[in-house]
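Contents: one structure, followed by commentary.
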Amino acid sequence: MTVSYLSTSPLKLMSALLALGACAGGQWANAAGTPAGTNITNIATGSFDPLVPGGPNTAQSNLVTTTVQAVCAVSITPNGSVLAPGQSATLLPSENTTFKYTLVNAGNTASTLGVVGRVETASAFTPVLGVYRDLNNNGVVDANEPAVTSVDLPADGSANLLVVVSTDQSARGETFVNLIGSCGGNNAATDADNVSRVTVGPPPVLAVTKSFSPALVRPGTETTVMVNTVNGGQGDSREVVLTDMLTDQLALGLTFVAGSASVSNTVAGAVLEYSADGINWQAAEPAQVRGVRVRVPTLAAGARLSLSFRMLAGPTAENHMIPNVATATTGGQVATGQATADVRYLPAVAIGPVGNPEAPEGTDADSQSKTFAVVGQVVCFDHTVKNTGDVRDNFTVTVTYPQGAAKAEFLNASGGPLVQPLVLDPGQTALVRVCYTPTQAGALGALLTVNGDRGTSNQTRDLIVGVEGGLPELVKSSSIAANVTVATGDKITYTLSVHNPYTRPLTNVVISDPVPAHTDFVKASDNGVVAGAAGTQAVTWNLGTLQPGETRTLTMDTVVSGRAIDGEELKNIFNLVSTELPAPIASNEVKTPVWSARLVITKEVNAKVATYGDRLTYTLRIRNLSPTTAILDATITDNPAVGLEYIAGTTTLAGAAYGDPTVTTSSTGSTLKWKVATIPANGEIVLTYATRVTPQATGNLINTVEVVGTGAGGPNRAIASNTAEASTRLDPLKFAPLGDVLGIVYIDRNRNGLYEEGFDTPVDRARVIMAGGRLALTDKDGRYHFSNVQYGTQAFRLDPNTTPYPPLKVPTDGDLSGTQTVHVRGLTSVDFPLAPLGGDINVLRRTLLIAGDVRVEKLVIPVTGGYVVNLKITSPASLEEFVLTDPLPAGAILKEGRNSLTGTLTAGETNLTYRLEGPAEDRAATTDPFVSWRY
């Protein structure tokens, strides 16, 4: 039989079955979906084979109605037990975790479901639990999501819940947490099989170490920063961040060296990051790094994470102690490590004996001593200064010793003045020579101190055990007596005497004697050794030790070489040095003059026999025989015999006219002196002059001459020549003194007794007769000449038949008649002025201008081609700013002379003559002069 349930056929049987099912446990699966109060109706239908063919084959039961009751049911997932937890989490102490649950109202009516977290008794520790409603289903407790103890849900409604489990540092092992859901009441339904497990492992223990290498940093150098963190716990860590912030270091002068950061490669997943502002981090290195860090996902127990980078110490970092703190974090742990960089230099300096500057101060190795020195003689000690620090510094060396005991001078390695301060780089050295000049006898101790600008110092000591007064006695002499000259080829022997006056020996004594440059070495005594080329030779004697009071005598032979120069002095000094006297001590100087030159003079006269009136010409030849030295400022002195008179203007030198000598006359004759600037080496000069034989001459005319000059070069030495003479015999009977007479015959148009060319008129072919009958005719210029006229009184006459003009008569000079008597001596002049025809000058016009005391007489005289104008100005006194102007006639041209006078007019008579051409008519040829002056 098949039974079907029909809602329209209530059957008591089916109703009873439904009622039974609804009461069996209250959790029928489909019941939760039917709201409480719902009526459920049901009819059962049965089908069967008809009893009667064609009869009914189905039957229905009666209608059964069921009302659904209110049922509370709660369901939480996921389920779990202590043995089989639904969720698990592994934490470290002090960490939190969150479990997600879903709460469902499995009843058929809206209910308030209670929720609570519970720690199961099987737990090893008790965490703190919190239950929260996850409103946005993001699995995280947000700020607007509060803790809950119950949740209101409609039938079939659900809610997302979060159970937050918080551990502390002491948590270890496993704990089991359960979320319990309930409907409330004593017999309320609950859901309590929702266990989750939390496992807390051993915690990591981080430690941070940090170091600077080197920790003492010099400005300008780098130091390496090493930061380490180690997990010293028994469990692995969560993410570890190892950070080093550099802000403080940057402020104190340390800067990050670009590209220097690195991380140990033993930890997987390490990420290196930088910060430019100390807040934000990036993988790319910025231009300025203010922080550097490394991150790793986990650090195993016992593992190490290392970060290193370099920093540069700038100048501003000097003298700073710069601390730095590095931080390592993981979970809630924070560990720090600190290191400090000491940024400074380590300046230091040392001074000591040369080559040993770092000798321990105050020890014997740090001092120098000399056994002997001499007052006034320099004693030097060499020292080395060394910069033993690590920075350039300026150093100054000072010396102290008993006041007044000595004078000290600082020198450098080249012997020049020491420039202080000494600027030395690290490790650099400098030689410092201290030279003492003792000023008193006794011991001398000195303390040298070197000080650096950076506050460092060091000392060393110098000691002179004994200081004595006086100097060794060095005496040099020559085989040539003082002021005795030598010549080329002469031998000179020098003697050197050395005496030790001290009570202490002189050691390593060396005598050196430079051979005079213009002598050549021949030999030396006592094993003296010569060195050098000729002209630069020197002889050296190594005497060894000179005992107290001992004297040594040495000799050196030389010969005057051809290099010697006349007038020079051969100078010679020898020197002594010893261990105790390193500065050369010089002997006295020996001077030997060189003079091999001489002046040779010869004198010649042009005539061996002469008579009165004769002209004698003398030739002086002066030769300088020195091959090297000129004679300067030579004076030639000639002594003519009585009766010889120097003829002015006749001196020549080397064939050219030369100045007249200085003439000094006395009763014994005259002296002639000429100055000659230079007589060249190996040269000759020739001087000539002439004299006239006068009536005072008698006998032989002996003329002597000598020359005195000064040698050039070296000390000036006067040198004289030989005396030369020339002789001329006087024979008055054989030769009469003869002269020359000449003159001019002219028409004296202004009657002044003087021939004025261009104004007076010469007369040609006029005959002049000399007493004795000799004749001479004048030439076109009116001149005549008689030669070989005997000295004495002679008469000359103008033949009146050869000229139509009478002799001139001048009131002031007497009658210049046609006959004149003169005394002939040498060249004698006799003129014959003639008066114009008619007894007067051919004057076109005569004008007299009188202005005060001034008289101006003007004469206009016609001549061929024009006129001659003569102005005679007479004034009893000198006149200032005098002006005379004589205008030219219209159309006239000034040809010669001048027609004006300006300036100061002297007292007396002043003549002014000029010639003009034109005008065409004589009546227009005259003008009137005018004058002016200042009173």
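The values are calculated or read from the model by the stated rules, or taken from the named source; none is laboratory data. In this text, all values refer to a predicted model and were calculated from it rather than measured experimentally. Counting neighbours? That spans all protein chains shown, and the Cβs are built from the backbone with ideal geometry, glycine included.
Determine if region 154-166 includes at least one residue that is buried (at least 20 other Cβ atoms within 10 Å of the Cβ), touching a strand residue (DSSP E or B) at 6+ places or on another chain (Cβ under 6 Å), farther than 21 Å from V74 by Cβ and hydroxyl-bearing (S, T, Y).
no
Could you pull out every one of the strands (runs of 3 or more DSSP E) wholly within region 595-689 that has 1 or more residues that are in contact (Cβ under 8 Å) with a residue 24 or more places away in the chain and touching a Gly at 6+ places or on another chain (Cβ under 9 Å)?
The qualifying strands (runs of 3 or more DSSP E) are 599-605, 615-624, 631-639, 644-646, 669-679.
Among the residues that make up region 141-162, is at least one of them at pLDDT 95 or above, under 30 Å from Q234 (Cα atoms) and of a type in the set (A, V, I, L, M)?
no
Residues of region 619-642 being of a type in the set (V, I, T), within 22 Å of A487 (Cα to Cα) and modelled with pLDDT of 85 or more, which ones?
Residue satisfying the conditions is I622 alone.
Considering only residues that are surrounded by 18 or more Cβ atoms within 10 Å (Cβ to Cβ) and either free of Cβ contacts under 8 Å to residues at least 24 places away in the same chain or over 30 Å from N194 (Cα atoms) (or both), which ones fall in region 33-86?
Answer for region 33-86, where residues must be surrounded by 18 or more Cβ atoms within 10 Å (Cβ to Cβ) and either free of Cβ contacts under 8 Å to residues at least 24 places away in the same chain or over 30 Å from N194 (Cα atoms) (or both): N42, I43, A44, S61, L63, V64.
Which pairs have Cβ atoms under 6 Å, sit 6 or more apart or on different chains, and link a residue in region 453-468 that is not assigned by TED's automatic domain parsing to the domain that holds P501 and in a strand (DSSP E or B) to one that is buried (at least 18 other Cβ atoms within 10 Å of the Cβ) and among the charged types (D, E, K, R)?
T460/D366; I464/K370
Among what's in region 743-760 and is modelled with pLDDT of 80 or more and buried (at least 16 other Cβ atoms within 10 Å of the Cβ), pick the residue that is nearest to V868 (Cα to Cα).
So the residue we want is D760.
Mind listing whichever residues of region 844-893 are of a type in the set (D, E), surrounded by 12 or more Cβ atoms within 10 Å (Cβ to Cβ) and in a strand (DSSP E or B)?
If the condition is that a residue be of a type in the set (D, E), surrounded by 12 or more Cβ atoms within 10 Å (Cβ to Cβ) and in a strand (DSSP E or B), then E857, E881 are the ones that fit.
Which pairs have Cβ atoms under 7 Å, sit 6 or more apart or on different chains, and link a residue in region 269-289 that is touching a residue at least 40 places away in the same chain (Cβ under 8 Å) to one that is surrounded by 10 or more Cβ atoms within 10 Å (Cβ to Cβ) and outside any loop (DSSP other than H, G, I, E, B)?
So the pair list comes out as V289/F256; V289/Y274.
Condition first: assigned to a strand (DSSP E or B) and more than 21 Å from E589 (Cβ to Cβ). Now tell me which residues in region 535-551 satisfy that.
N542, L543, G544, T545, L546
Using beta carbons and a limit of 6 Å, which pairs, at least six apart or on different chains, have the first residue in region 494-518 and at positive phi and the second one at pLDDT below 95?
N508/S578; N508/T579
Which residue pairs have Cβ atoms closer than 8 Å, lie 6 or more positions apart in sequence or on different chains, and pair a first residue in region 423-440 that is at positive phi with a second residue that is modelled with pLDDT of 95 or more and buried (at least 17 other Cβ atoms within 10 Å of the Cβ)?
G427/K386; G427/N387; G427/T388
To keep it simple, each residue is scored yes or no on (1) farther than 28 Å from E580 by Cα; (2) touching a Phe, Trp or Tyr at 6+ places or on another chain (Cβ under 7 Å); (3) part of a loop (DSSP other than H, G, I, E, B).
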{"position": "Q368", "(1), (2), (3)": "no, yes, no"}
{"position": "G376", "(1), (2), (3)": "no, no, yes"}
{"position": "H383", "(1), (2), (3)": "no, no, no"}
{"position": "G389", "(1), (2), (3)": "yes, yes, yes"}
{"position": "P402", "(1), (2), (3)": "no, no, yes"}
{"position": "F410", "(1), (2), (3)": "no, no, no"}
{"position": "A413", "(1), (2), (3)": "no, no, yes"}
{"position": "L431", "(1), (2), (3)": "no, no, no"}
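Residue under question is N572, and the condition is that it be at pLDDT 90 or above, buried (at least 16 other Cβ atoms within 10 Å of the Cβ) and out of contact with any Cys (no Cβ under 9 Å at 6 or more places or on another chain); does it hold?
Answer is yes for this residue.
Being over 29 Å from the mean Cα position of the chain (by Cα) and farther than 16 Å from A443 by Cβ is the filter here; which residues of region 400-419 pass it?
Listed by number, the list holds a single entry, K407.
Just name the residue that is nearest to the chain's Cα centre (by Cα) out of those in region 895-925 that are over 16 Å from E881 (Cα atoms), polar (S, T, N, Q) and surrounded by 16 or more Cβ atoms within 10 Å (Cβ to Cβ).
N899
I'm checking my understanding of the structure. Among residues of region 554-567 that are of a type outside the set (G, A, S), surrounded by fewer than 23 Cβ atoms within 10 Å (Cβ to Cβ) and not in a strand (DSSP E or B), which one is modelled with the highest pLDDT?
Looking at residues that are of a type outside the set (G, A, S), surrounded by fewer than 23 Cβ atoms within 10 Å (Cβ to Cβ) and not in a strand (DSSP E or B), I get R563.
What about S478, is it modelled with pLDDT of 90 or more, surrounded by 14 or more Cβ atoms within 10 Å (Cβ to Cβ) and not assigned by TED's automatic domain parsing to the domain that holds V378?
Against the criterion (modelled with pLDDT of 90 or more, surrounded by 14 or more Cβ atoms within 10 Å (Cβ to Cβ) and not assigned by TED's automatic domain parsing to the domain that holds V378), S478 qualifies.
I'd like the full set of residues that are part of a loop (DSSP other than H, G, I, E, B) and of a type in the set (V, I, T), limited to region 488-534.
Scanning region 488-534 gives T488, T503, V515.
Regarding region 338-346, can at least one residue be identified that is buried (at least 19 other Cβ atoms within 10 Å of the Cβ), closer than 18 Å to V241 by Cβ and of a type in the set (A, V, I, L, M)?
no
Please find, among L632, L644, the residue that is in contact with a Ser or Thr (Cβ under 6 Å, 6 or more places away or on another chain), over 29 Å from G567 (Cα atoms) and in the same structural domain as A726 (by TED's automatic domain parsing).
That would be L644, the only listed residue that is in contact with a Ser or Thr (Cβ under 6 Å, 6 or more places away or on another chain), over 29 Å from G567 (Cα atoms) and in the same structural domain as A726 (by TED's automatic domain parsing).
Only one of A124, A89, A106 is surrounded by fewer than 17 Cβ atoms within 10 Å (Cβ to Cβ), of a type in the set (A, V, I, L, M) and in contact (Cβ under 8 Å) with a residue 24 or more places away in the chain. Can you tell me which?
Being surrounded by fewer than 17 Cβ atoms within 10 Å (Cβ to Cβ), of a type in the set (A, V, I, L, M) and in contact (Cβ under 8 Å) with a residue 24 or more places away in the chain holds for just one of A124, A89, A106, which is A124.
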